[in-house]
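Student: The structure is given below, and queries will be raised subsequently.
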Amino acid sequence: MKFNQYFIMGCQTNLFSEVSMFRCCVVILVIFLLASCGGENTDEISMPPPSVVPEPALLPSKNQSARFLNMATFGATLSNIEELSNIGFETWLDQQIAMPASSHVAYLQALEPNLNLSADEKPDRNARLETWFTLALTAEDQLRQRVAFALSEILVVSDQSAFGDDTYGLANYYDLLVNNAFANYRELLEHVTLSPIMGMYLSVLGNEKPNEQANIRPDENYAREVMQLFSIGLVELNNDGSEKLQNGHTIATYNQETIKAFAHIYTGWNFNGTTADTWWKFYRNYNTMEPMIAVEAFHDTSEKHLLNNVVVPANQSAKQDLDMALDNLFYHPNVAPFIGKQLIKKLVTSNPSPDYVARVSAAFNDNGQGVRGDLAALIKAILLDKEAINGTSSNANFGKIREPLLRAVHLWRAFNASSPNERFQFNWPDYAFAQAPLSAHHVFNFFSPDYAPPGILSEHDLLAPELEMVTENYLTRTSNFLAYSTLWGHTESEGENQDDQRILIDLSSLIPLVDNTEQLLAHLNMMLLGGKMSEPMQVILTQAFDETAGQEINARLSNLLFMIMISAQYTVQK
């Protein structure tokens, strides 16, 4: 089954007959995931082992650099492509890992004087979204920010909660992910556990030791989710991510008794500054800018039986219990394939080969210096793996659906977006994309990492997690957004004024290429598809663009750009 015929069908549909086109869009994307699409540029590069610095002869081409950046950042820019092509993948990664973190809290604090707030007002959700978009678009530490976003979809908290208006608290949690994106996963797990935002979201904060007379039992929410979602998953795994079997059945990683034991571990924690006397005074103690502290009077000190026959002795402090519990999770053999495979799916491909997962798991288990859980080594292993570098040449099922939010940010970065008011205010990503930073409707994120749409994909045992968000309604909204952002959302469009909040792309880099359609498409192919545009797609776009000769330049360019941005070949990151 070939994708090309379906792509042609989609391109020949009237671009403004959206509903009829998008009813077949999911089918098109699914078929494209199953096909390696004849005519695709292979443009491979032979990679040495991740620990070896590439020789000058192995420096990537600009297409290869753009494709790599579209996995490792929020989207390639011309300057980033030039830089990466001159220094190579591993050197660029090392520089990014060493770069200081850009802080969301610090940006919010700098932004606040410009918000014209009254004395009793605080920055709202829109200010936090502005912060996120600004750093996603402009921060130099792109790899760190991109990895933090991936982590935010694994270690989930959400503003769809009672603390949703705590703008600084949520930004502080995001900074926790940013600051620990290249730290050790054990450290990250502890920071997340002691975050007051996570403490409120999954009920660690204020969790008390059992009291039968008062009918109090330790809350099991975090105890369950930290195992199911943040560390080991539901069933035992091999290092390649496959499920271990016993007598033909999967092996559960934990049971209800394990959950109860961990729930007793997570007792006695509350806002920083809380005492035994103020334990129940929520608003007086409220503090989401510092880690939670233990109030020993509310911690259960009984003996507890954890995973792998680990016994937590009685009469320990809350911190001692917590350290043993997190160590118990961290050293479980599932963590490497469970977390490693999820990060592969977030950054690179939805259907990694078992060998790819095994190589990444090995890097998690030992960074080459005997250290387990080194996230910097893990990210390098994910992005430098031969399967990530060579794509469909290494794995015929390689690819992932681009998240709608990331498609918008990619467009803006690729074409040097700006706003007349010199800020990046975009307040309605949920409406356009069914997602926004730290805004999932539940702890399971916007989509499950193991989601397979019913039908042809699931029949082939393939996953497309991001398609769980896709509905006809949101396909239309995302298309409308992309239509606006390309056809009218550019710097040459009318209506600019100082209060204009539109985020506008700059088409000026394309204007010198207008008279050479081949060069123009080669440039757009590099910037948006990393050189992976098929020959049939190039033929279709060439014909469409050449037919508009004589029309206004910006209209021609924006229409061409729109056709690419809504195409199945762009929507599937290859």
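Student: Would you mind giving the three semi-axes, in whole Å and largest first, of the ellipsoid equivalent to the range 247-342 according to its Cα gyration tensor?
Tutor: Working: eigenvalues 184, 56, 25 Å².
One finds semi-axes of 30, 17, 11 Å for the range 247-342.
Student: Next question. Leaving out ligands and nucleic acids, and using a 1.4 Å probe, what accessible area per residue does the range 138-190 come to in Å²?
Tutor: On the way: 1230 Å² over 53 residues.
In whole numbers, the range 138-190 has 23 Å² accessible per residue.
Student: Next up: Size of the dipole of the chain about the Cα centre, Lys and Arg at +1 and Asp and Glu at -1 on the beta carbon, nothing else charged, in debye to 20?
Tutor: On the way: 36 positive and 66 negative charges, 151 e Å.
Result for the chain is approximately 720 debye, rounded to the nearest 20.
Student: Hey, what's the Cα Rg ratio for the range 74-119 versus the globular rule of thumb, 2.2 N^0.38 Å?
Tutor: Numbers: Rg = 16.8 Å, N = 46, 2.2 N^0.38 = 9.4 Å.
Against the compact-globule rule of thumb, the ratio is 1.78.
Student: When the dipole is taken about the Cα centre of the range 186-313, and only Lys, Arg (+1) and Asp, Glu (-1) are charged at their Cβ, what size is it in debye, to the nearest 20?
Tutor: Working: 9 positive and 16 negative charges, 36 e Å.
Dipole size: approximately 180 debye.
Student: Further, regarding this structure: Put +1 on the Cβ of each Lys and Arg and -1 on the Cβ of each Asp and Glu in the range 250-368; which of Phe298, Val311, Ala252 then has its Cα farthest toward the positive end of the dipole?
Tutor: My answer, from the dipole projection, is Ala252.
Student: For the range 463-535, what are the per-bin percents of Cα-Cα distances with bins 5 Å wide, up to the bin holding the maximum?
Tutor: P(r) over the range 463-535, rounded to whole percents: 3, 12, 14, 16, 20, 16, 11, 6, 1, 0.
Student: May I ask you to derive the FRET efficiency for Asp430 and Glu112 from their Cβ-Cβ distance with R0 = 25 Å, giving the value to the nearest 0.05?
Tutor: On the way: r = 23 Å, r/R0 = 0.93.
It comes to 0.60.
Student: Considering the dipole of the range 332-482 built from charges on the beta carbon (Lys and Arg +1, Asp and Glu -1) around the Cα centre, which of Trp412, Thr392, Ser350 is farthest to its positive end?
Tutor: Among Trp412, Thr392, Ser350, the one farthest towards the positive end of the dipole of the range 332-482 is Trp412.
Student: I would also like to ask the following. Can you tally the net charge around Tyr185? Count Lys and Arg as +1, Asp and Glu as -1, for every other residue whose Cβ sits under 9 Å from the Cβ of Tyr185.
Tutor: On the way: positive: Arg186, Arg372; negative: Glu187, Asp374.
Neighbourhood net charge equals 0.
Student: With r defined as the distance between the Cβ atoms of Asp506 and His249 and R0 fixed at 60 Å, what FRET efficiency is calculated, to the nearest 0.05? Kindly include the intermediate steps, with their values, before the conclusion.
Tutor: On the way: r = 57 Å, r/R0 = 0.96.
Plugging the Cβ-Cβ distance into 1/(1 + (r/R0)^6) gives 0.55.
Student: More than 14 angstrom separation, counting every C-alpha pair in the range 216-297; what % is that?
Tutor: Values: 2346 of 3321 pairs.
Summing the P(r) of the range 216-297 above 14 Å gives 71 percent of all pairs.
Student: Pop a pseudo-label 7 angstrom from the Cα along the beta-carbon direction at both Glu535 and Ala549 and give the gap in nm to one decimal.
Tutor: So the two model labels end up 2.3 nm from each other.
Student: Related question: Keeping every protein chain present and rolling a 1.4 Å probe, give me the accessible area per residue for the range 472-574 in Å². Write down the numbers at each step before the final one.
Tutor: Working: 4200 Å² over 103 residues.
Value for the range 472-574: 41 Å² per residue.
Student: Now, a different point. What is the projected area of the convex hull of the Cα atoms of the range 172-329, averaged over all directions, in nm²?
Tutor: Values: hull surface 42.3 nm².
Averaged projected area of the range 172-329's Cα convex hull equals 10.6 nm².
Student: Taking the Cα atoms of the chain, report the difference between the largest and smallest coordinate on each principal axis, in whole Å and largest first.
Tutor: Ordered largest first, the chain gives principal extents of 83, 64, 47 Å.
Student: Considering the Cα positions of the range 442-574, please state its Rg to one decimal place and its Dmax as a whole number of Å.
Tutor: Cα-based Rg and Dmax for the range 442-574 come out at 17.7, 54 Å.
Student: Return the tail of the calculated pair distribution for the range 401-470, meaning the percent of Cα-Cα pairs more than 19 Å apart. Display every interim value, and only then the final one.
Tutor: Details: 1130 of 2415 pairs.
It works out to 47 percent of all Cα pairs.
Student: Rounded to the nearest 5, what % of the DSSP beta bridges within the chain are antiparallel ones? The partial results should precede the final answer.
Tutor: Values: 13 of 14 bridges.
The answer is about 95 percent antiparallel.
Student: Using a probe of 1.4 angstrom, how much of the accessible area of the range 120-252 is carbon and sulfur, in percent? Walk me through the numbers before you get to the answer.
Tutor: Numbers: 2010 of 4890 Å².
Carbon and sulfur together cover 41 percent of it.
Student: If you don't mind, another one. Could you work out the helix-only [θ] at 222 nm for the chain, with each DSSP H run of four or more residues adding -39,500 (n - 2.57) and the total divided by the number of residues, to the nearest 500 deg cm²/dmol?
Tutor: On the way: 28 runs with 265 residues, N = 574.
Dividing the helical sum by the residues of the chain leaves -13500 deg cm²/dmol.
Student: To the nearest µm²/s, what D does Stokes-Einstein give for the range 366-415 at 25 °C and 0.890 mPa s, using the Kirkwood radius over alpha carbon pairs as Rh? Present the calculation step by step, with values, prior to reporting the outcome.
Tutor: Values: Rh = 13.4 Å.
D, rounded to a whole number, is 183 µm²/s.
Student: Here is a further query. In the structure shown, do any of Lys346/Lys386; Lys380/Lys532; Lys209/Lys319; Lys62/Lys341; Lys341/Lys400; Lys244/Lys304 have a Cα-Cα gap over 21 Å, and if so which? Please report the intermediate quantities before stating the final value.
Tutor: Values: Lys346/Lys386 17 Å; Lys380/Lys532 23 Å; Lys209/Lys319 14 Å; Lys62/Lys341 28 Å; Lys341/Lys400 13 Å; Lys244/Lys304 27 Å.
Long pairs (Cα-Cα over 21 Å): Lys380/Lys532; Lys62/Lys341; Lys244/Lys304.
Student: Where does the range 431-504 land on Rg/Rh, using Cα atoms and the Kirkwood Rh?
Tutor: On the way: Rg = 17.0 Å, Rh = 14.9 Å.
Over the Cα atoms of the range 431-504, Rg/Rh equals 1.14.
The values are calculated or read from the model by the stated rules, or taken from the named source; none is laboratory data. Bear in mind the structure is a predicted one, so any value in this text is a computation, not a measurement. Every residue, glycine as well, gets a Cβ built from its backbone with ideal geometry; the counts of neighbours run over all protein chains shown. Side chains are part of the model used for accessible areas, which takes the heavy atoms of the whole protein and leaves out ligands, DNA and RNA. Shrake-Rupley method; radii C 1.70, N 1.55, O 1.52, S 1.80 Å.
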